Amino acid sequence: MKRAKQFYMAVIVICLIIISVSIYYTLGGFDPVDVFVMEGKQRTVIGKEYVEKYDFEIFGGRFDETKAAIDSGFLKGQLTVLFYDEYNLGKDSVHYFMGASIEEINDVLRLPAGYTYKEFKTDKIFKIFITQHWLVRPVPEEMKELMEVKAIEEGAVLQPVSFELYYEDESLSVERWAR
């Protein structure tokens, strides 16, 4: 009787492991994360800047608000979040700029009320394309480290800002630009 219980428990545990690995695989957990080196360019981002204690709900609300502004045509461009590396803010605080990125801005006077713009230019971009489901994506610190290693290999120094560009198919790309 005791052996039968152990056998059934072992079968249940093995089934759970197989199911977990299958779900992880289906969500893209085993997909490789590669850093690509691309030619530089200029990018302008129209949006709003925030420096605050990080709160997932507040950030998510601002993200949804910005996405709705882009979907409605109020803002034109690709949903973009810039995260600044500011070590003097404190462990639980964050500095970010959220908005829409465009190739160039034609008229500063036509910016929507309450929005500003930031322009960036570089000769070299380090980029990671993320297609995994958000549950199994690599953490930002891991992606940052991968790009820093690649930049060192390429002899480049990175700017203290990272770009997250969000696509309609729920994928995203993360970029770090060389100085």
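At-a-glance table
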quantity	calculated
The range 29-179: relative contact order in percent, alpha carbon pairs under 8 Å with at least 6 residues between	33 percent
Angle between the chain longest axis and helix 140-154 axis [Cα atoms, degrees, rounded to 10]	70 degrees
In nm, spacing of pseudo-spin labels at His133 and Ile17 (7 Å Cα→C-beta vector)	2.2 nm
Phi-based couplings in Hz for the range 111-126 (Karplus 6.51, -1.76, 1.60; Gly and Pro marked x)	5, x, 4, x, 10, 10, 9, 9, 10, 9, 8, 8, 9, 8, 10, 9
Trypsin sites (Lys or Arg not before Pro) restricted to the range 68-137 and DSSP loop, no more than 15 other C-beta within 10 Å	Lys76, Lys91
Accessible surface of the chain, 1.4 Å probe, proportion on carbon and sulfur as whole %	58 percent
For the range 1-89: rounded, prolate or oblate by the Cα gyration tensor [a/c cutoff 1.5]	prolate
C-alpha long axis of helix 2-26 to longest principal axis of the chain, angle in °	20 degrees
The range 81-153: C-alpha gyration tensor shape, a/c 1.5 cut-off, then a/b vs b/c	prolate
Relative packing of 66-73, 159-166, which averages over residues the other C-beta atoms within 10 Å, highest first	159-166, 66-73
Projected label distance in nm at Lys53 and Arg179, using a 7 Å step from Cα toward the beta-carbon	3.3 nm
In degrees, nearest ten, helix 56-71 long axis to first principal axis of the chain (Cα)	60 degrees
Given (1) 0.99; (2) 0.95; (3) 1.11, the label whose value is Rg/Rh (Cα atoms, Kirkwood Rh) derived from this model	(3)
Loop chymotrypsin sites (Phe, Trp or Tyr not before Pro), the range 38-80, which have at most 12 other Cβ atoms in a 10 Å radius of their Cβ (DSSP)	Phe74
Cα-centre dipole for the range 64-103 with unit charges at Cβ (Lys and Arg positive, Asp and Glu negative), debye to 20	60 debye
Farthest toward positive dipole pole in the range 28-179 [+1 Lys/Arg, -1 Asp/Glu at C-beta], among Val136, Gln78, Tyr117	Tyr117
CD proxy at 222 nm, helix term only [per DSSP H run n ≥ 4: -39500 (n - 2.57); per residue of the chain; nearest 500]	-10500 deg cm²/dmol
Computed FRET value (nearest 0.05) for Ser171 with Glu86, which takes r as the C-beta separation and R₀ as 25 Å	0.35
Accessible area of the chain divided out per residue, in Å², using a probe of 1.4 angstrom	66 Å²
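The values are calculated or read from the model by the stated rules, or taken from the named source; none is laboratory data. A quick note: this is a predicted structure, and the numbers were derived from the prediction, not measured. Virtual Cβ from ideal backbone geometry, glycine too; neighbours counted across all protein chains shown. Accessible surface is based on the protein model in full, side chains and every heavy atom, while ligands, DNA and RNA are left aside. Shrake-Rupley method; radii C 1.70, N 1.55, O 1.52, S 1.80 Å.
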